[in-house]
Amino acid sequence: MPSRIAAVLSSVVAIVVVSCSQNSQELTRKYVASGDEYAAKKNYSEAVIQYRKAVSKDPSAGEARLKLGDAYTRTGDKNNALREYVRAADLLPNNTQAQLRAAKGLLESGQFADAKERALGVLKNEPKNVDALVLAGYSMAALKDLDGAISHVEQAVDADPRNVMVYTNLGLLELAKGGRPAAESALKRAVEVAPKSSDAHLSLANFYWAGNQVADAEREFKTALELDPESSVGNRAFAVFYTGTGRPAEAEPYFKRYVAVSKEVEARIVLADYYLAANRTKDALAELDGLVQTPDGFVVAKLRLAAIDYTNKRKPEAYSALDEIFKREPKNDSALIQKSRFLYSDGKYAEALVAANTATEVNPASPQAHYVRGLALEATGAFDDATKAFQDVLKLSPNAVAGQVELAKMFLLRGDSSAAAEFLGQALKSQPRSYLVRFLLARALIGSGQLARADAEVSAVARTTPNSSDAQNLVGDYYMAKRDTSHAKEAFARAFELNPKSMHALTSLVRIDFLEGKPDAARSLIEDQLKKTAPNSSATLLALAGKTYYSVHDSARAEKMFRDSLALDPTNIDAYASLGALLKSEGRLDQARGEYEEVSRRLPKNAVVAKTMVGIILSLQDKHDEAAKQYEQALALDPRSAVAANNLAWEYAERGANLDVALSLAQTAKARMPNSSEVSDTLGWVYYKKGLASLAITAFLQGAEQEPNKASLHYHLGLAYLKNGDRSNARRSMDRAVTLDPQLADQAKQALATPKG
């Protein structure tokens, strides 16, 4: 009996499953048919909705995914289009069009190896498929296999000798290989094969333009449009040619014609961008306001309008425009990315990270989403996670220069100048005229001790911008690395002449004076600058003046400078520490403590600074419990007080108590003072106490990059290396610490004698 019941139940279940499956397939067909109707009417936004419903009912519906990819393409959403093309190609391994569309999308997104694999897969079954041969060729070219690329495109020529675009592709590959004569020959052959082909003349025009043969390029563009006045590609190319050659007024008719013949959303966006570049905001707004009324143009136009509002400091309107998008599409990744960018620019890093996290969840294949996430993570002090985010950008788009630059910055912060130089070298190949890339590369080469390579880059930066203070500071840093203080001083003096507000130049000049045994010259330089500067205009200058006076044994003036600096900038942690050290050296800690306690009682506006200073004095007197209470009171008055947060985090970490709270406090300080070596040291120390050695190493390395001559940072870095099992780097860091401060010798020796420090 039980077996019969089981059999009956099994049959019932089977019937239900079959019924559900049939219903699902029926709904899928229904949604696909509905999507087809909308696509036929060119209402691609609605088509996307219907196709998405279809694939939600049957995720294995390859044809539906292929159509969804096409619909996304027509709305300009290339990221989602690529995702669907790849899924369709996986589900339809024998569908040539699915494979080719996936390969093309992968190629355009920089995933060259995957694009090559897809194209070669098609060629196994269709050896003479021209599109597959060309895609394989371009993928190989991107992977630096230019000979293989040219070979495949030559096979395409053999397969279809009358195909004009194959000659064009061959010409472009020959050009990439450096063979301009061979490239020109192939492109001219395309014109000979089809003299009335607008595309052939366009390709030759672009070739001439790339070679700065402007007159020849203009002639070919005109010929192309005479042959096909309705060519959307031709009209856009000619318009871009005119804007690119400094004749923007002549471009407008072609941009307008491009819109008229294309009738695509992208064309109207291009026209709006042209108006914005020409400072014709009214015309741009008119175009976008019209576009926002259309189903396909609503999102992309709203995004542009939001950007215009934000740029023109109409921030509430900018965020409101994004909210309108979210009402229609709560998970629109483009809007989420834009929102993250706005929040990041507003300094709301935690909120920016939330939006970026959602964007990467919605569209994991979006390099832009990972990029803004990396920026937000960096701003919140999560440098390891930021590094991974920028690495994700390059996995998705290997030639993304912005990702290469940010990843290089991460390695610079970690003290790994060699890795930074590698990424910046790649970026420079893509953007050889980028001043920023070359400048950062020079910095990385100096930092990694590659002074021979740095010489060429530093010289190039100085030649490009001879009147740039930053460039002269770079030259000075280069000569300091070579221990050539004479030439370094000349460069820093020039930098200071170009920009009297350059604290890097002034600090370097003061340092050189002390290195040369000229303390009076250093003092004179500081006093001259103080005379030229409005009172209380620069907390950093006042702190530097305080250090200079202290070094020449003028304690009274040094103390005044430190106090004035703190009055101007309560977050100047260096001034706090310097003032505390001065008071301790003169045995006036109790007196100063009483003074600051009185300030805290009588002047509520200054209470946060006063309580923080009392905490520092108590710490110097080894009264750490009382010091912690002062920092806690300062934070109760102002939770954003970065110095109090940093110091309280240190106190907690030193006692091994409240480590989770300490980490939160240290991260708060890091977000507000990302360039402070003291804060980097504190964050690293908290990580170290929590047993997170690799994170501690990252923080200490950043601190050492920010202040290379701080012995305690190198000592802490050595401890972290020991805990991480890296004795080689630990010994190097300890040796550096002892060189900077011989009093650390016994501690370093003892630490190195212990297996885990």
* To do: Keeping to region 625-659, report how many residues are out of contact with any Lys or Arg (no Cβ under 7 Å at 6 or more places or on another chain) and outside any loop (DSSP other than H, G, I, E, B).
  => 22
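Quick check on my filter: what residues within region 548-580 are touching an Asp or Glu at 6+ places or on another chain (Cβ under 8 Å) and of a type outside the set (Ser, Thr, Tyr)? Lay out the reasoning, then the answer.
Within region 548-580, the first condition is being touching an Asp or Glu at 6+ places or on another chain (Cβ under 8 Å), and the residues that meet it are 552, 555, 573-575, 577, 579.
Scanning region 548-580 gives VAL552, ILE573, ASP574, ALA575, ALA577, LEU579.
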* Single match in LYS313, LYS331 (criterion: at positive phi and out of contact with any Leu (no Cβ under 9 Å at 6 or more places or on another chain)) -> LYS313
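Looking for whichever is surrounded by 21 or more Cβ atoms within 10 Å (Cβ to Cβ) and part of a helix (DSSP H, G or I) here; the options are LEU424, LEU394, LEU436. Which one fits?
LEU424
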* Only one residue in GLY587, GLY615 is part of a helix (DSSP H, G or I) and out of contact with any strand residue (DSSP E or B) (no Cβ under 8 Å at 6 or more places or on another chain), so which one is that? -> GLY615
* Would you confirm whether any residue within region 663-675 is assigned to a loop (DSSP other than H, G, I, E, B) and basic (Lys, Arg)? => no
* To do: Could you give me the residue pairs with C-beta distances under 7 Å whose first residue belongs to region 665-685 and is among the β-branched types (Val, Ile, Thr), whose second residue is assigned to a loop (DSSP other than H, G, I, E, B) wherever it lies, and which are 6+ apart or on separate chains?
  => VAL679/MET673
* Structure fact -> Residue hits (region 493-521; crowded, with 22+ Cβ neighbours inside 10 Å and not in a helix (DSSP H, G or I)) are none
* Select from region 295-344 the residues that are over 14 Å from ASP77 (Cβ atoms) and part of a loop (DSSP other than H, G, I, E, B) and list them in ascending order. => ASN312, LYS313, ARG314, PRO330
* Please give the number of the condition ALA272 fails out of (1) small (Gly, Ala, Ser); (2) under 27 Å from PRO248 (Cβ atoms); (3) buried (at least 21 other Cβ atoms within 10 Å of the Cβ); (4) out of contact with any Lys or Arg (no Cβ under 9 Å at 6 or more places or on another chain). => (4)
* Exactly one of (1) part of a helix (DSSP H, G or I); (2) closer than 24 Å to LEU566 by Cα; (3) in contact (Cβ under 8 Å) with a residue 24 or more places away in the chain; (4) of a type outside the set (Val, Ile, Thr) is unmet by SER524. Its number? -> (3)
* Asked: Somewhere in region 645-668, is a residue at pLDDT below 85, within 20 Å of TYR349 (Cα to Cα) and either surrounded by fewer than 20 Cβ atoms within 10 Å (Cβ to Cβ) or touching a helix residue (DSSP H, G or I) at 6+ places or on another chain (Cβ under 8 Å) (or both)?
  -> yes
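Looking at region 564-577, which of the residues that are part of a helix (DSSP H, G or I), surrounded by 16 or more Cβ atoms within 10 Å (Cβ to Cβ) and not β-branched (Val, Ile, Thr) is farthest from the chain's Cα centre (by Cα)?
Of region 564-577, the ones part of a helix (DSSP H, G or I) are 564-568, 573-577.
Pick out the ones that are also surrounded by 16 or more Cβ atoms within 10 Å (Cβ to Cβ) and you get 564-566, 568, 573-577.
After this cut, where a residue has to be not β-branched (Val, Ile, Thr) as well, the list is 564-566, 568, 574-577.
Numbers: ASP564: 37, SER565: 33, LEU566: 33, LEU568: 32, ASP574: 29, ALA575: 32, TYR576: 33, ALA577: 33 Å.
Of everything passing the filter in region 564-577, ASP564 is farthest from the chain's Cα centre (by Cα).
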* region 665-711, residues that are under 23 Å from the mean Cα position of the chain (by Cα) and among the acidic types (Asp, Glu) -> GLU705
* Residue match in region 578-600 (condition: modelled with pLDDT under 80, loosely packed, with under 14 Cβ neighbours inside 10 Å and basic (Lys, Arg)) -> no
* To do: Give the number of residues within region 60-80 that are surrounded by 21 or more Cβ atoms within 10 Å (Cβ to Cβ) and touching a helix residue (DSSP H, G or I) at 6+ places or on another chain (Cβ under 6 Å).
  => 11
* Structure fact -> Over region 350-370, the set of residues within 22 Å of THR668 (Cα to Cα) and crowded, with 22+ Cβ neighbours inside 10 Å is ALA352, LEU353, ALA355, ALA356
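For region 615-630, indicate whether the set of residues that are within 30 Å of SER345 (Cα to Cα) and either of a type in the set (A, V, I, L, M) or in contact (Cβ under 8 Å) with a residue 40 or more places away in the chain (or both) is non-empty. Walk me through it before giving the result.
Residues of region 615-630 that are within 30 Å of SER345 (Cα to Cα), as a first pass: none.
Scanning region 615-630 turns up no residue that is within 30 Å of SER345 (Cα to Cα) and either of a type in the set (A, V, I, L, M) or in contact (Cβ under 8 Å) with a residue 40 or more places away in the chain (or both).
Residue check: is ASN536 at pLDDT 90 or above and assigned to a loop (DSSP other than H, G, I, E, B)? Write out each step before concluding.
Values: at pLDDT 90 or above: no; assigned to a loop (DSSP other than H, G, I, E, B): yes.
Considered against the rule, which asks whether it is at pLDDT 90 or above and assigned to a loop (DSSP other than H, G, I, E, B), ASN536 comes out as no.
When you check ALA488 against the structure, is it within 30 Å of PRO570 (Cα to Cα) and over 23 Å from the mean Cα position of the chain (by Cα), yes or no? Give the steps one after another, and end with the answer.
Details: within 30 Å of PRO570 (Cα to Cα): no; over 23 Å from the mean Cα position of the chain (by Cα): yes.
For ALA488, the condition - within 30 Å of PRO570 (Cα to Cα) and over 23 Å from the mean Cα position of the chain (by Cα) - is not met.
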* Answer yes or no: is there a residue in region 284-291 that is surrounded by 21 or more Cβ atoms within 10 Å (Cβ to Cβ) and either among the β-branched types (Val, Ile, Thr) or modelled with pLDDT of 90 or more (or both). => no
* Asked: Just wondering, is there one or more residues in region 544-555 that are closer than 21 Å to SER508 by Cβ and not in a helix (DSSP H, G or I)?
  -> yes
* To do: Hey, can you tell me all the residues within region 264-292 that are part of a helix (DSSP H, G or I) and of a type in the set (S, T, N, Q)?
  => THR281
* For residues that are buried (at least 22 other Cβ atoms within 10 Å of the Cβ) and of a type in the set (Val, Ile, Thr), scanning just region 601-638, find the one that is modelled with the lowest pLDDT. => VAL609
* Filter result for the condition that a residue is of a type in the set (Ser, Thr, Tyr) and buried (at least 17 other Cβ atoms within 10 Å of the Cβ), over SER345, SER334, SER320 -> SER334
* Does region 456-472 include one or more residues that are of a type in the set (Val, Ile, Thr), assigned to a helix (DSSP H, G or I) and farther than 20 Å from PHE496 by Cα? -> no
* Please specify each residue of region 469-492 satisfying the condition of being over 19 Å from LEU412 (Cβ atoms) and crowded, with 18+ Cβ neighbours inside 10 Å. => SER469, GLN472, TYR479, THR485, ALA488, LYS489, ALA491, PHE492
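The values are calculated or read from the model by the stated rules, or taken from the named source; none is laboratory data. Note that the structure is predicted; figures quoted are calculated from it, not measured. Using ideal geometry, Cβ is built from the backbone for each residue, glycine included, and neighbour counts are taken over all protein chains shown.
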